[in-house]
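Asker: The structure under discussion is supplied below as structure tokens; questions concerning it will follow.
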Amino acid sequence: MSRRLSIFGRLGRRTSSATESTAISNENDGPEIHGNLAPPPAYTIVDESATADLTAAFDQLSLSNAASDPTVDTCLAHLKLLFAIQSMKEEVGYTDGLWGLWDSLAGPFNHLEHTYADKKKTPSDSKKPLDKNLLEDADKKILENLSKIREKRWALFLARATQRYEAWWKSLPGSQPLTERDMEEDTSFGYQTFPTDDSATFDWSEDKLPPLDVLMVWHTHMLNPRAFLEDAMLAGLRGFWNRGLPWHLVNAAIDSDFSYNVTDQCKARWTKQTGLSWDNQSDPLVKELQCPRCNTKLSIPWTTCSRPENFHNQAELLDLTGTGYGDGNLQHTCKGCGITICKELLCASKFVKDVEALLGPTNRPIPGTVLEPTTGRPAMVPPEPERSIYPRTFPNRLLKSGCNSIRTKVTTLMTSRPNPTMQDVRVEIEAILGNSTWLREINKYSNPRSAAYKVGRASKLSIRKMMGHYWENFSPFALDLAGAVVRQGIFIEKMYKIDWLHSPSATDTMKRLLLKYARFFTIMQKNPTKMAVPTLDIDLAWHTHQLSPSKYYKYSINTTDKYIDHDDKVEEGRLSEQFEWTSKEYQDTYGEVYSECTCWYCESIRTSHVNSLGQVLGVSKSEKIAEAFHTSEKAKLCPPDKSAHISSHNAVMLHVDPSQPNLTIQDRVRVQLAALHQKRLDDAYAKAKKRAEKKGRTIPPRDAAYYDHWGYPYYMAGPYMYPIWFTPGLYYGWDPGYIAGCGTGANGACAAGTCGGGVAAGGCGGAGGCGGGASGSACGGGGGGGCGGGGGCGGGGGGGGGGCGGGKLILNENPKYRSRY
């Protein structure tokens with residue numbers, strides 16, 4: 001029996017229920033968050049005779065049939081699910097010919113058949129890089145093409161999975177969808193008490209489980225807590241939200257080979273309920289939908305990248321973008337009216353449908369206006385006269401008004417413009433925001449002495465939050481789940497490679513990470529305007545908690561008075577910068593290193609905490625802590641490829657070209673701050689090398705970080721980098737590794753005058769979110785120098801002077817709300 005089964009004997013020999021489940025810290029119970037952690041468990045190989053049967057061991061996990069706070073066992077069950085998802089991904093990516101994508105499209109690679117390219121990797125495989133001299137340039141290109149083909153298969157699988165999840169979501173039993181009236185009642189089960197009332201539940205049973213690909217998308221949806229709560233409230237799925245993931249059923253469905261197995265009854269029920277096949281690959285190769293303009297029934301191929309098995313045309317470069325529904329550049333002409341179906345059109349069509357739901361008898365509030373931006377909680381809309389100026393519902397009032405004929409312009413958008421997009425919507429909303437007469441009418445403001453009437457910052461942010469649901473997102477959900485699944489896959493792959501699940505000390509590892517998670521939340525509670533960035537081990541506990549939404553909601557509210565979000569997109573420079581802050585805060589608070597890892601990046605981060613003068617005088621607390629990490633032998637238990645450094649699955653690049661002369665102020669600030677952070681990191685790395693040499697140690701070079709992308713070897717100079725940036729254009733929806741800039745005119749940018757903290761698509765941490773308002777080099781609210789800080793765009797205190805939104809006099813806000821919003 002291999003090392004991969006080494007944990008399971010240990011799982012069966014835990015001696016008491018007290019040690020079976022170490023829950024997170026709460027008010028009067030849970031682990032103590034102060035004091036020193038035990039050393040990281042050594043990663044050793046256990047002899048075959050010391051292991052037990054895998055299935056029997058997992059059967060012994062203590063998993064509740066109700067929502068629960070994270071425990072050792074739920075974390076282990078979560079890892080088991082992640083392994084099943086990763087196994088499914090590899091099975092899809094390595095299936096030659098799937099979707100008509102053949103390995104042979106990469107070029108002639110017969111001589112590479114027995115090399116790195118054809119080996120599926122497991123956590124126990126060695127990670128030795130290929131000798132560059134053994135591969136010719138042509139061979140490297142073949143391997144690169146092959147990796148892209150495999151990634152494209154997975155991208156199409158994900159596109160279909162998100163559509164299947166949408167079908168399942170719409171078939172789930174629930175109560176009445178949310179209405180504006182619900183938001184005005186203080187006892188509404190559909191709104192005010194939705195996340196706190198435990199009476200509603202979902203009656204889970206084995207035959208109700210969805211296929212693994214749909215479960216994967218649901219898993220990602222829940223890991224965006226505020227988005228999932230808002231979507232569930234709008235759909236009236238209170239019991240479904242309250243119950244969360246049924247760990248006992250999911251664990252039982254995944255066998256020792258990490259295959260997902262359910263009964264025939266379960267598969268039949270799925271097909272009857274959704275009209276879809278159980279297997280993703282068995283669904284039709286075309287996507288059927290109605291034309292947004294003329295309602296003609298369309299059949300759009302999922303991909304146009306398919307080729308015959310033996311196809312090879314040296315004159316044709318490998319292009320996997322495609323124009324199908326699941327491709328990167330959807331282009332399909334409607335035979336009924338001639339309009340081109342594209343992603344931008346579908347985003348606008350989604351907005352039109354949501355406005356019609358607001359104006360119609362369903363009276364459903366527009367997405368983005370449901371939760372309080374600062375707290376993430378449902379808060380009752382106050383009665384009149386405050387209701388008329390209530391900032392969060394300003395978008396609803398604007399869209400229901402007759403100002404600028406906005407109702408007519410939106411509801412006829414599909415037929416009145418040749419190629420309607422959300423840019424057209426933005427233009428009309430900007431016109432209203434710039435017209436004092438219309439704004440007076442919307443907010444029922446009748447003071448004749450006020451010459452220039454402007455809405456306040458909070459109302460503008462509500463507009464931007466609403467718009468953020470439609471930029472680069474044509475799904476019915478608050479975010480593009482296809483891109484979110486890709487980003488979440490980075491975390492899954494890292495969990496798979498670290499392979500705690502098969503470590504003999506897995507139980508001890510789970511106990512340690514639960515304790516660190518409790519400490520992490522304490523740091524967020526004490527620093528509400530900062531963005532705390534987790535390590536991989538903390539993030540596993542955090543994710544596990546979010547998969548029981550009602551329990552996570554209560555814990556988060558009780559601890560921080562906010563429903564802490566888990567940012568899905570954070571600009572990479574800001575993520576690294578805030579990780580540096582979190583690391584120092586944790587180290588200063590608990591007297592231990594934060595990231596127990598010896599890679600060059602983590603060593604550099606620890607060195608950046610050391611004050612130069614304190615180091616010379618020998619009184620630097622940070623240096624003593626870092627040195628103790630090495631002298632206590634803990635460092636030897638934390639090799640770079642098996643350690644929990646920064647969790648960076650949500651790291652994205654910003655679409656900003658510093659060479660462009662017309663950069664906005666906030667984009668110039670981003671570029672400058674990113675350069676400063678990189679210089680500081682470079683300096684810290686140089687200091688870390690010198691310090692290590694003096695102590696007789698070495699630090700791995702930057703290019704020692706070796707990665708594998710579907711058999712294609714590459715190097716990355718940082719753990720926050722990932723190869724989804726190698727393959728832009730392959731993905732359904734938009735590129736998952738990028739966010740739009742903040743400047744007006746860019747797709748996904750703010751409507752003029754609404755820029756602010758972290759609320760549009762790709763916003764990086766609004767107040768109360770995982771990044772609560774501290775801006776670094778991205779679009780966040782309230783931190784110095786960023787988009788929302790001094791000189792930034794509309795940050796804390798009403799906007800930085802000179803930024804977009806700074807220096808504006810707010811005339812119409814009730815003082816009661818001016819202080820609160």
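Asker: Here is a check on your reading of the model: is CYS294 hydrophobic (A, V, I, L, M, F, W, C), touching a Ser or Thr at 6+ places or on another chain (Cβ under 6 Å) and touching a residue at least 12 places away in the same chain (Cβ under 8 Å)? Give the derivation first.
Answerer: On the way: hydrophobic (A, V, I, L, M, F, W, C): yes; touching a Ser or Thr at 6+ places or on another chain (Cβ under 6 Å): no; touching a residue at least 12 places away in the same chain (Cβ under 8 Å): yes.
So CYS294 fails the test.
Asker: Quick one: is ASP327 free of Cβ contacts under 8 Å to residues at least 24 places away in the same chain and not in a strand (DSSP E or B)? Outline the logic, then answer.
Answerer: On the way: free of Cβ contacts under 8 Å to residues at least 24 places away in the same chain: no; not in a strand (DSSP E or B): yes.
Judged against the criteria, ASP327 is not a match.
Asker: For ASP499, state whether it is of a type outside the set (Gly, Ala, Ser), on the phi > 0 side of the Ramachandran plot and in contact (Cβ under 8 Å) with a residue 60 or more places away in the chain. Please lay out each step first, then the result.
Answerer: Working: of a type outside the set (Gly, Ala, Ser): yes; on the phi > 0 side of the Ramachandran plot: yes; in contact (Cβ under 8 Å) with a residue 60 or more places away in the chain: yes.
When the stated conditions are applied, ASP499 passes them.
Asker: Residues to consider are GLY275, GLY190, GLY244; find the one that is surrounded by 22 or more Cβ atoms within 10 Å (Cβ to Cβ) and among the small types (Gly, Ala, Ser).
Answerer: Working: GLY275 fails: surrounded by 22 or more Cβ atoms within 10 Å (Cβ to Cβ); GLY190 fails: surrounded by 22 or more Cβ atoms within 10 Å (Cβ to Cβ).
One residue alone meets the criteria, GLY244.
Asker: Within the range 159-196, which residues are in a loop (DSSP other than H, G, I, E, B), under 27 Å from the mean Cα position of the chain (by Cα) and not hydrophobic (A, V, I, L, M, F, W, C)?
Answerer: First, the residues of the range 159-196 that are in a loop (DSSP other than H, G, I, E, B): 172-181, 185-196.
If we keep only those that are under 27 Å from the mean Cα position of the chain (by Cα) as well, we get 172-174, 177-178, 190-196.
PRO173, GLY174, PRO177, GLY190, TYR191, GLN192, THR193, PRO195, THR196, listed by residue number.
Asker: Collect the residues in the range 81-97 that are surrounded by fewer than 19 Cβ atoms within 10 Å (Cβ to Cβ) and basic (Lys, Arg), keeping them in residue-number order.
Answerer: none
Asker: On to the next question. What number of residues in the range 297-328 are modelled with pLDDT of 95 or more and loosely packed, with under 13 Cβ neighbours inside 10 Å?
Answerer: Summing the residues that are modelled with pLDDT of 95 or more and loosely packed, with under 13 Cβ neighbours inside 10 Å in the range 297-328 gives 2.
Asker: Also, I was wondering about something else. What helices (runs of 4 or more DSSP H) completely inside the range 350-453 contain at least 2 residues that are in contact (Cβ under 8 Å) with a residue 60 or more places away in the chain and under 26 Å from THR179 (Cβ atoms)?
Answerer: Passing ranges, in order: 394-400, 413-416, 422-433.
The values are calculated or read from the model by the stated rules, or taken from the named source; none is laboratory data. Given the structure is predicted, the values throughout are model-derived calculations rather than measurements. In this analysis, Cβ positions are derived from the backbone assuming ideal geometry, glycine residues included, and neighbour counts consider all displayed protein chains.
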